[in-house]
Every structure is written in C-alpha cells, then in structure tokens.
Amino acid sequence: MIKPSLGYNAAMSTTTNPGLHLLGATREDLLAFMAKRGYKSAHAFSLFKAIHRGHLLDFTHLDSLPLTLRQHLASDFPCSPPKVLHTHTATDGTQKYLIALNDGSAIETVFIPEPSRGTLCVSSQVGCALNCDFCATGKQGFSRNLTAAEIIAQIWIATREHTITNVVFMGMGEPLLNLEHVIPAISILLDDCAYNLSKYTVTVSTAGLIPQMQQLAQQTEVSLALSLHAPNDLLRTQLMPINKKYPLLELMAVCKNYFKHPKRKILFEYILIDGVNDTDALAHELAQLLTDVPAKINLIPFNPIAHSGYQRSTDARIKVFQTILRDHGFKTFVRKTRGPLIDAACGQLKGDFIEKTKRRA
C-alpha cells in the first residue's frame, strides 16, 4: 500500500488524501499530529519553524527533532519542494513565477517590489469560474481549487528570494469560493512562528459573494478588497456576471457593517476601461453608491488582454475620475501598473492547465 506523501507532492494531488500536508498544515495541525504519535509539542514548533522560516522539506539533519521522528518523516512522508517552471522579471523588478502542480496544471504568482514593502500576489484556484469580462483568468475557465499547501507553496517559494511584507489574494481565482483552504493558509501567514504577517497586511479580494464574505468576517480579521468596477447593476452585470446573484444594494448593505472596528475600511477596486465605466457621471454615481460605506478606492488602469475589445482609459480621464471621487471625500489612489510586459499585471494572470470544466452559471 502506498502511504500518503507530505508536503508539496501530496498537496499538489487532486485526489482526497487523509495524510497531513506539511506545507498546508497549521500549527494546530502539527500539535495534533505530534500528540497522536506521542511526541512533544515542542517538536511541532520546531517542525513548523523549519518548514516556513528555514525553508526545509528535508528533515534528515534537523537535530531539534528526535531521530525516530526524522526517520518517520523521511521514510513514510517524503517531501519535495515546489517546482517553478519559469520566472519572468520585468524592468521594474516585478517577478512572475509559473509554478507546476502535480496534475499537469500551473498557477502564477507575482512579487511586486516597492521601496518600503514587498507584496506577493497569490492564486487561490486554477482558473476562475466567474468569467469577468475584463480578466484573462476568467476567460480560461475553471479547473479546481488549490489546497492550503498549494497556496502556501507560493509564499514558501517567494520568501526564499524576497522579503514579503504583504500578501494579497488577488491572483488567479475567486478566493471566497475556496475558503476551506484559504482560511488555513491565512492562519499560517499570520502565525508568528511562520510568516508573522498582520491582519492589516494580508488582503483577500472578492467579486462580492455575500455568504462567503460573512463567513470570512467571522473567521478572520484580515483586510478585504472588493472588485467593484461599476456603480450600477446594469453595467456591473455586463462586466461581472456574479452581480446577477449578488446585486449592489445587497452587497453594500454587507459592506457597511463588514468590519467591527469603525476605522477599518474596505478597499474598493475599480478598473477603468475607456468609454465603458470612466465617465464623470459614473464617478459621481460611484460616490453616491459608497455613501456611508467605510471605503477607500483603488483605481486600476485596465491592462490589455487578448480579444477583450477593451482599452485603457487615458491618464487625463483617470485623473478627472480620481478628482471627482476625492472631491466627494473619498481616499482615492491610482494603482501603479506593474509587470504588464510579462503579463503579470492586474487581470492578466493565467496558467496553462490540462483539465477544464464549464464555468459556473
């Protein structure tokens, strides 16, 4: 009988595996693992730190663990590191990783350097089911959810080369359709024995799935970004079909009370597409929509994707749109485009994969 494998190989499998996946195991998972086998809790801490801080998946020479435990891990649960197929680095330092999964598919992860921080944009699914009209990931359809180990593998890879201060779930997929694995991954990111990020520097982006937003708010206090892109239902449904199920009136009602702390704000993302959603009238309508909502607004110049028919708004139009929102009292900034020439910018991510399923309605 083949025993389940820990770490990347098991994590990259699409089959149900009763074994523990080390890259996706929380501290609590490892404590339970050790207790069940008669090892001390301190061994769980040593193993957890070795994986995430020491970047170890070979524990043969990890002297802080008993020899019997190291032998058990080495013989029964072999670990191999995640495989990076390609890396592309833009002139601005933005780096895109194409990471292989065991089922033949691949995901993309992007590191974005800034003078005062390093942001990693991670994927949560292979493809995406939401089919937003401006997004390359949605155009390729949906294959499957990533496991917690596959999500953490992206951070594990990037932290070997870069200092990561911020993680954003803004890569491939809709994170809230994969909360089963996104929540444990967040737990590992926040753990001071692992990546030691704060609830303010981990951001989950969503297209606005109301039940899952409520579930996320109950389980973690990380930051929230909401992909809005239109201030009325007619236009938003055209750009984002999910709006049919969760229209703006219902969505804003949830947003008004999402954070318990009165000073915390939701980041509303708004891609500016020339002649589609960038008029003065729509800027005023957006301000009206967000009245009484704890909001800050991130304007994103559209990044070109094949066959979309859309064009980026001009710099002058973007500036006018921003000024209108600021005049209404909203903190509004324009996202600097990073990595477009290597298809690493917002909305451009897509991994090649073998199996595709039909998009969800």
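Readers should treat all values here as calculations from the given coordinates under stated rules, not as data from a laboratory. As the structure is a computational prediction, the values presented were derived from the model and not from experiment. Every residue, glycine as well, gets a Cβ built from its backbone with ideal geometry; the counts of neighbours run over all protein chains shown.
Things to note:
- Helix-only CD estimate at 222 nm, as mean residue ellipticity for the chain, using -39500 (n - 2.57) per DSSP H run (n ≥ 4): -9000 deg cm²/dmol
- Relative contact order (percent, whole number), the chain, Cα cutoff 8 Å, 6+ residue spacing: 17
- For the stretch 67-112: relative contact order, % (alpha-carbon pairs under 8 angstrom, 6 or more apart): 26
- Between GLN215 and GLN238, the simple label model (points 7 Å from Cα in the Cβ direction) yields a spacing of 3.3 nm.
- For the stretch 161-250, size of Cβ-based charge dipole, Lys and Arg +1, Asp and Glu -1, in debye: 340
- Among HIS86, THR237, TYR200 - extreme Cα towards positive end, dipole of the chain, charges at beta-carbon: TYR200
- Taking GLY38, GLY171, GLY329 as the candidate residues, the one with maximal mean-square fluctuation in a Gaussian network model of the chain, Cα springs under 10 Å, is GLY38.
- Cβ-derived FRET efficiency at R0 30 Å, SER75 paired with LYS49, nearest 0.05: 0.85
- The long axis of helix 280-289 is offset from the longest Cα principal axis of the chain by roughly 60 degrees.
- Given R0 = 35 Å, the distance between the Cβ atoms of ALA253 and ALA281 translates into a calculated FRET efficiency of 0.90.
- Neighbourhood net charge (15 Å Cβ-Cβ; Lys/Arg +1, Asp/Glu -1) for ILE210: +1
- Highest-first arrangement of 252-259, 153-160, where packing means the average Cβ count within 10 Å: 153-160, 252-259
- Sites SER41 and HIS307 - FRET efficiency at Förster radius 41 Å, r taken between beta-carbons, to 0.05: 0.15
- GNM remark for the chain: springs join alpha carbons under 10 Å apart, and the peak mean-square fluctuation among VAL167, VAL202, VAL320 falls on VAL320.
- Assuming charge only on the beta carbon of Lys and Arg (+1) and of Asp and Glu (-1), the dipole of the stretch 67-203 about its Cα centre is about 160 debye to the nearest 20.
- Karplus-derived 3J(HN,Hα) values for the stretch 184-199, using 6.51 cos²θ - 1.76 cosθ + 1.60 with θ = phi - 60°, are x, 4, 4, 4, 5, 4, 7, 5, 6, 8, 10, 9, 6, 7, 9, 5 Hz; glycine and proline are entered as x.
- Taking packing as the residue-averaged number of other Cβ atoms within 10 angstrom, the listed peptides 130-138, 142-150, 39-47 run from highest to lowest as 142-150, 130-138, 39-47.
- Over 18 Å (Cα to Cα) - which of LYS244/LYS265; LYS199/LYS336; LYS265/LYS296; LYS256/LYS331; LYS96/LYS265 fall in this group: LYS244/LYS265; LYS199/LYS336; LYS96/LYS265
- Dipole in debye (nearest 20) - the chain, about Cα centre, beta carbon charges: Lys, Arg +1; Asp, Glu -1: 380
- Distance from the C-alpha centroid of the stretch 161-199 to that of the stretch 61-103: 17 Å, rounded to the whole angstrom.
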